[in-house]
Structure formats: structure tokens, C-alpha cells
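Following: one structure in C-alpha cells, then a few remarks.
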Amino acid sequence: MINVKITESKATVYPILIQSGLLNEPEKWLWKMKSDISSIVIITDNSVKKHYAHTLLRSLEKLKIKTLLLSFPAGEKSKNQKTKQYLEEKMLRHACDRNTMILALGGGVVGDIAGFTAATYMRGISYIQIPTTLLAMVDSSVGGKTAIDTQYGKNLIGAFWQPQAVIADIQCLNTLSRKQLINGLIEAIKIFITNDAESFYYTQRNLQKILNKDENVLKKIINRAVEIKASIVEKDEKEKSGERMICNFGHTIGHAIEMLSDYKILHGFAVGLGILVEAKISQLRGLLDEEQYNQIQSLLSELGVTMDQLKKFDINQILKATILDKKSKSGKAQYVLVEGIGRVHVKQNKFAHPVTDRIVRQAVQSEKC
Ligand SMILES: NC(=O)c1ccc[n+]([C@@H]2O[C@H](COP(=O)([O-])OP(=O)(O)OC[C@H]3O[C@@H](n4cnc5c(N)ncnc54)[C@H](O)[C@@H]3O)[C@@H](O)[C@H]2O)c1
Ligand SMILES: [Zn+2]
């Protein structure tokens, strides 16, 4: 079990459990979080509902507690105000109160919208993240960032609202597609490149086992990624000191590609391309050596992420899109850079840095990529 100790807003500690079969045994984790739960609302999407809602409902029956199951169509398109309003109205109609506990059962979309609903319902109620995608297990369920999308951009309306616990049942990964698995694995690789060389090489050595969903290897990867993310969040819950910025390695270019592809390229894959470019920038700036760059490139290429996929994007459009990124400062895009596998570049206590357009162009168009 990993604990996350938050001190910035109000002091809280919440546990993250990563195990197989947790959905079948809520008695082991639910009451420990909060003893005065009046009712439970499971929020999920239609596809996760099909696979797992009934398992969870059945195991909650044992606890004899009023439970409501709410779901919405799967996918990013549902992460909006309309879905949030639908969830709130259903909860109000069922007389959910301040002691209602939300269980966010699903990937990052469910986690973000259910978390944000918890943050504002009756000025804030408790919730538990039950991530079912690898991306949600290694990244989005930890840290308390919740949000919805608007027509003006992604994640523009939201709140920092920490869950009571994160319950990752690894068995849920059995039904996840290979594409979604890789999508999440790239976020784990991002965390390892910036923080933990040993885990990067462990991932490299065990790649086939990961892709074959070997439970022990997956558990190790998830544990380590979560441990690192939790320690970053503990130091900088609300992105004030800048340490949490580390999580944005690969994301300046990644977000630009995601946007320019009209979100047809999945987030993790776009971040994979972003990692290639931002690692190349690090190399061009003399921070990262060629051998390590090649190791990053080779691992991502085994996952189907290669630089030639960037060819269809106009470099001027990419540069323009990077300025729209939330990390931009005074119209200048900011980049997280690395000094080696497992080591992020920190200069004058800053974790993200401006980079000239010339170097970005050179990195995107680099022959060696
Ligand atoms: N809050 C944060 O800190 C944070 C961090 C990163 C990403 N995010 C957000 O996370 C979202 C992406 O998350 P995601 O990649 O998990 O997407 P997602 O929630 O849309 O899930 C991807 C697809 O997998 C399906 N699915 C989920 N679990 C499954 C399972 N066990 N078996 C079979 N299918 C399953 C879903 O129904 C969906 O169709 C984005 O909205 C992004 O903005 C948030
Ligand atoms: Zn990401």
C-alpha cells in the first residue's frame, strides 16, 4: 500500500491499493475510508459498466448500503458540463446527501468527471477512485486533479479534490485493449524517464510480459509509477512550486499533436511523440547523450511510436499550438527537459524551460529521429 500525504490544502493522507480482486472485496477498503457513509453512487461509463459494475454492485450488496449506479456513454466526448449536470440531477433526485460517497469506476474520463462532481456536490463530498485503465492507474487517479472539457479546450473547468482512496484492481486490465494498455504504459515510461532509470530499464526488459498482461510485472510498474507520482504530488499538490510540472514531460508537444489530430491520436501516443521530440531537444541542448536518446527512441518504437508519424503535421502549426498550452508563460511555450534517463533538468529551481523555435524545429525535423 502506498500513502499520499497532502499538506497544502488541508492535511490528508489517503491510501492507494494495487491488487488483484479488490472489486470483489469492498469490505476490505470501503469502511476504512469513512465510517458514516449514507449511500454510495457508482459513476461509470457504459463500456466499463458492462464489464465491472455488476461485480462491484454484487460485492456492495453484502454491506447493505443504499447504492445508485449511474453511467454515461464512454469516451472523451462525455467529459462535459451536460454529463456532470445529468449526474448531479440524478443524485439530487435520489436524495444523495453530504455523506454520500462516489465511487469513480473507470478510466480517466470517469475519474475526472466523477471527481469534479464530488468536488462540487453539496460543496464537496467524498469519493474513491477505482481506475480501470492503465492510464488511470498510473496517472490520472492519483493527485486529485479533476476536470471537464469545454468547446474552448480540454480540462478548462475543474478543481483539485483529493479522493479518499485509490483502489486499483489489476484484474480489470484483462479486458483492456492492447492500444489502451500501451496508451497508459507510455505515461508510466514518461514518469520513469524523468525520475527512475531502473524502472525504465525494467520496462524495457519486460516489455513483452507487460504487453501480455503479466500480473506481477504490471503490478510492479503500476506501484513504482504511483509511488513516484504520489511523492511529486505531496511536494506540489497544486502546481505552485513547479515540481508537479515534471509530469508534463512530453506534454508540450504531446498536447499540440493531440489537438492538431483533432484528438484522433490517443493522449498516450501523442505524449509518446512528445517524448521523442522533447528528449531530442534535451539532446540538442547538450543535456542528454545520444546513447540514452536512442534507448528512449527504441523503446517507444517497439510500442509503435515513431518520429515519421509527425511528418503529416506542419511544424508551424505545432509551434503555434504549443503556445496555447496551459504551461505557457508570456506567450512562450515551456518544456520539461531531461539530463539522462531518470533525471529531469532543473535550473534555478525551475522544472520547465523556454526553448527557441529553432531548436524545436530542428528536433521535430531531425534526420536521426
Ligand atoms: N486528472 C488527471 O490528473 C489526469 C491525468 C491524465 C489524464 N487525464 C484524463 O484522463 C482521460 C483519459 O483517460 P483514459 O485513457 O483512461 O480514457 P477513458 O476513460 O476514455 O478510457 C478509455 C476507453 O477504455 C474503456 N475502458 C476503461 N476501462 C476498461 C477496461 N478495464 N476494460 C475495457 N475497456 C475499458 C473506456 O470505456 C473507454 O472507452 C482524459 O480525459 C484525460 O484528460 C486526467
Ligand atoms: Zn498525460
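No lab work stands behind these numbers, since they all come straight from the coordinates. Because the structure is predicted, anything quoted here is derived from the model rather than measured. Quick reminder, even Gly has a Cβ in these numbers, built from the backbone with ideal geometry, and neighbours come from all protein chains shown.
Per-structure values
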quantity: Helix-derived mean residue ellipticity, 222 nm - over the chain, DSSP H n ≥ 4, -39500 (n - 2.57), to 500; calculated: -12500 deg cm²/dmol
quantity: Positive-end residue of Gly107, Val344, Val41, charge dipole of the chain with Cβ unit charges; calculated: Val41
quantity: Cα gyration tensor shape for region 83-166, rounded if a/c is under 1.5, else prolate or oblate; calculated: oblate
quantity: Chain lengthening between Asn349 and Lys179 when straightened (0.36 nm per residue, less Cα-Cα); calculated: 57.5 nm
quantity: Over the chain - Rg/Rh using Cα atoms and the Kirkwood inverse-distance radius; calculated: 0.97
quantity: Ranked list, fewest to most other Cβ atoms within 10 Å of each Cβ, for Glu291, Glu237, Glu302; calculated: Glu291, Glu302, Glu237
quantity: For region 285-369: rounded, prolate or oblate by the Cα gyration tensor [a/c cutoff 1.5]; calculated: oblate
quantity: Exposure proxy ranking, count of Cβ atoms within 10 Å, fewest first, for Ile18, Ile193; calculated: Ile18, Ile193
quantity: Antiparallel DSSP beta bridges within the chain, percent to nearest 5; calculated: 40
quantity: Separation of alpha-carbon centers, region 184-235 and region 81-100, rounded to whole Å; calculated: 36
quantity: The chain, dipole about Cα centre (Lys/Arg Cβ +1, Asp/Glu Cβ -1), debye to the nearest 20; calculated: 680
quantity: For region 158-197, Kirkwood radius (reciprocal of mean inverse C-alpha pair distance, Å); calculated: 12.6
quantity: Antiparallel bridges, percent of DSSP beta bridges restricted to region 65-177 (to nearest 5); calculated: 40
quantity: Degrees separating the helix 81-93 axis from the principal Cα axis of the chain, which is the longest one; calculated: 20
quantity: For region 113-141 versus region 237-316, the gap between their alpha-carbon centres in whole angstrom; calculated: 26
quantity: Neighbour-count order for Tyr152, Tyr127, fewest beta carbons within 10 angstrom listed first; calculated: Tyr152, Tyr127
quantity: Dipole-positive endmost among Thr120, Gly331, Gln171 within the chain (Cβ charges, Cα centre); calculated: Thr120
quantity: Label-point separation, Leu319 to Val13 (7 Å along Cα→Cβ), nm; calculated: 5.1
